[in-house]
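Right, one structure below, let's go through it.
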Amino acid sequence: MRKRWIIFASLLIMSLLVSACSGSSQKGEKGEEGKSEIKEMSVRINSDPDFLDPHKAEASLTFRMMLNVFEGLFNPSPDGSVEPAIAEKYQVSDDGLVYTFTLRDEVKFHNGDPVTVKDVKYSFDRLMGTGTGQPLSSDFVNVEAVETPDDKTVVMKLKKPDSTFIYRLTAEQAAIIPESNDANQNTKPIGTGSFKFVEYNPENNLIIEKNKDYWKKDVPYLDKVTFVFQSDNQSALLSLQGGQLDLTDIPAHQKAEVEKNFTIIEQENNSVFLLGFNNEKKPFSDLKVRQAINYAINKDEIIEGAFSGYATKLGSNLSPIMGKYYKKGLEDYYPANVEKAKQLLAEAGYPDGFKTTLTISSHAELYSDAAQIAVEQLKKVGITAEIKVVEWAKWLEDVYGKRDYEMTMIDFTGKLDPYKILSRYVSTNKSSNLMNFNNAEFDKLMADVVLETDEAKQIAMYQQAQEILTKQAAAVFIADYKTLWGMNPKVEGFKSYPIFYMDMAHMKPKQ
């Protein structure tokens, strides 16, 4: 009996150890031969969402989660195009002014109500401020009217042709939401996506669950996804190793530590990491000062020090991922040159440099890492920059919202449409023009490109716009850095998009 008891106890201890080491892979149901199939996943997100209401949200981190909940007339595709979603098909008139959409059959909101043309019209009217005079987006100022001639058709009439219009119809810019949920959209959001919103616990997590009535067949596989808010990289890594997380981004210098036991995914971001300055405030209103800062910053040092080399050097606000639209050769327009920077500062009236404040968000360590390197580089030309670290919500409110800052560091996330990316610098775009950039030639180019129907001419215009941003030193465009993901090795189905979107619909146990 004593021997049997020792054997039993040993087996019990081994069983507990195996269970503890397997972590989140034990979530789910029993599959073939008694193996546990993962039906739930926990995913690290750096910070809380800004709004749950998709028409009010601005933060890319919000859309990384909530594009699982919402859809537009179209959905983004991994190759950078858009594909039919709530709209099954569409037609464009010969003059480019009338878009006619036919809604897909049997698409339901998460509350079980069918999506109607009334809901589509309500969504666009809400975004446009129709009837209220308070638009929630500037993306649809060119829409003259939204009409619903029958219960399957939505007609959108434009004031003038717009070659980029179709890209604005995904959930990131135009989520379709039910009119019946108007009062609760920011607390209990309802969409049509592959997952339903369950709950949001500030500074803790956001939970979504499987939409069993999703119009696409056989997706999603998972029953539940928990987005866990963790700003600290080391804490996230420990959570991954301990089984509390199934997926987290990891610093490049920790890749070797993770790749032994987890799947490593290298994702191109289509982002623009930059050192920005408020172009309306002195001394940054002076072109020579902005150019001097560009010469003072050594991009290669930041790429190596902050991103461990996992980044592509940039020279303007577009990533090479944008293919034919990307203007090559601008990345070395301002080679690191301390003496040139000092000369320009002296010419601008700052021979001894000046003092300034560099405001960064605390929600990602890369901002702090890059800022410290940049500050040391600026010292060499006489510029003393004090780093001011604020909460993400505070950064969004003060820096992005009120433009109350001198210098900042941020990564502008990619979009499917080059116009949407570059229009951040249009002087009249008060909601997105973080740098307060103002250039008449740039504004005209961006106004003309949406009217242009010849693709070759569009490409040339977008490339010219990038040159203007570079020559006018709108910011210090540093790099498009890669995101390295550490993922539970028992999971597959990760899809990479050229936008900030963590698509959970295709995640499933590894076969």
Check your understanding: If you take the residues in segment 186-237 that are within 19 Å of residue 62 (Cα to Cα) and aliphatic (A, V, I, L, M), which one is most open to solvent (accessible area, probe 1.4 Å)?
Key -> 198
Review point. If you check every pair at least six apart or on different chains, which have Cβ atoms under 7 Å apart with a residue in segment 357-375 that is part of a helix (DSSP H, G or I) first and a residue that is small (Gly, Ala, Ser) second?
Key: 366/306; 367/361; 369/305; 369/306; 370/306; 373/305; 373/306; 375/385
Practice item. Just give me the residues in segment 352-370 being open to solvent by 70 Å² or more (accessible area, probe 1.4 Å) and either touching a Gly at 6+ places or on another chain (Cβ under 8 Å) or among the hydrophobic types (A, V, I, L, M, F, W, C) (or both), in sequence order. Key: 352
Study note, to complete from the structure: residue 266 passes all but one of the listed conditions (1) surrounded by 15 or more Cβ atoms within 10 Å (Cβ to Cβ); (2) under 24 Å from residue 61 (Cβ atoms); (3) in contact with a Lys or Arg (Cβ under 9 Å, 6 or more places away or on another chain); the exception is number (1)
Check your understanding: Of all the helices (runs of 4 or more DSSP H) wholly in segment 417-507, which have at least 3 residues that are of a type outside the set (A, V, I, L, M) and open to solvent by less than 10 Å² (accessible area, probe 1.4 Å)?
Key -> 455-471
Check your understanding: Can you pull out the residues in segment 62-86 that are of a type in the set (A, V, I, L, M), open to solvent by 10 Å² or more (accessible area, probe 1.4 Å) and under 15 Å from the mean Cα position of the chain (by Cα)?
Key -> 67
Review point. Which one is surrounded by the fewest Cβ atoms within 10 Å (Cβ to Cβ), of the residues in segment 89-117 that are under 22 Å from residue 162 (Cβ atoms) and among the acidic types (Asp, Glu)?
Key: 94
Practice item. Considering every residue within segment 330-337, establish whether at least one is in contact with a Gly (Cβ under 6 Å, 6 or more places away or on another chain), assigned to a helix (DSSP H, G or I) and modelled with pLDDT of 95 or more. Key: yes
Check your understanding: Taking interchain pairs and intrachain pairs at least six residues apart, which have beta carbon atoms under 7 angstrom, with the first residue in segment 228-246 and closer than 24 Å to residue 360 by Cβ and among the β-branched types (Val, Ile, Thr) and the second in a loop (DSSP other than H, G, I, E, B) and open to solvent by less than 30 Å² (accessible area, probe 1.4 Å)?
Key -> 228/245
Exercise for review: Find the residue count for segment 135-145, including only residues that are surrounded by fewer than 18 Cβ atoms within 10 Å (Cβ to Cβ) and within 23 Å of residue 109 (Cβ to Cβ).
Suggested key: 2
Revision key, fill the gap. Taking segment 103-124 and keeping residues part of a helix (DSSP H, G or I), within 27 Å of the chain's Cα centre (by Cα), more than 14 Å from residue 185 (Cβ to Cβ) and of a type outside the set (A, V, I, L, M, F, W, C) leaves 121
Point to revise | Check on residue 443, out of contact with any Pro (no Cβ under 7 Å at 6 or more places or on another chain) and closer than 27 Å to residue 137 by Cβ | key: yes
Revision key, fill the gap. Apart from one, (1) out of contact with any His (no Cβ under 8 Å at 6 or more places or on another chain); (2) charged (D, E, K, R); (3) closer than 21 Å to residue 69 by Cβ; (4) open to solvent by less than 50 Å² (accessible area, probe 1.4 Å) all hold for residue 126; the odd one out is (1)
Practice item. Confirm whether residue 162 is assigned to a loop (DSSP other than H, G, I, E, B), of a type in the set (Asp, Glu) and more than 30 Å from residue 428 (Cα to Cα). Key: no
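To keep it simple, each residue is scored yes or no on (1) surrounded by 18 or more Cβ atoms within 10 Å (Cβ to Cβ); (2) without any contact (Cβ under 8 Å) to a residue 40 or more places away in the chain.
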{"residue": "303", "(1), (2)": "yes, no"}
{"residue": "306", "(1), (2)": "yes, no"}
{"residue": "316", "(1), (2)": "yes, no"}
{"residue": "320", "(1), (2)": "no, no"}
{"residue": "329", "(1), (2)": "no, yes"}
{"residue": "336", "(1), (2)": "no, no"}
Exercise for review: Give just the number: which of (1) modelled with pLDDT of 95 or more; (2) in a helix (DSSP H, G or I) does residue 403 not satisfy?
Suggested key: (2)
Revision key, fill the gap. The condition of being at pLDDT below 95, in contact with a helix residue (DSSP H, G or I) (Cβ under 9 Å, 6 or more places away or on another chain) and either among the hydroxyl-bearing types (Ser, Thr, Tyr) or surrounded by fewer than 15 Cβ atoms within 10 Å (Cβ to Cβ) (or both) holds, among 148, 153, 132, only for 132
Revision key, fill the gap. A careful count of residues in segment 312-329 that are in contact with a helix residue (DSSP H, G or I) (Cβ under 9 Å, 6 or more places away or on another chain) and outside any helix (DSSP H, G or I) gives 11
Check your understanding: Name the helices (runs of 4 or more DSSP H) wholly within segment 240-310 that hold at least 3 residues that are modelled with pLDDT of 95 or more?
Key -> 287-296, 299-307
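The values are calculated or read from the model by the stated rules, or taken from the named source; none is laboratory data. Worth saying up front: this structure is predicted, and the values here are computed from it rather than measured. For neighbour counting, all protein chains shown are included, and Cβ atoms are generated from backbone atoms with ideal geometry for every residue, glycine included. Only protein heavy atoms, including side chains, enter the accessible area calculation; ligands, DNA and RNA are left aside. Shrake-Rupley method; radii C 1.70, N 1.55, O 1.52, S 1.80 Å.
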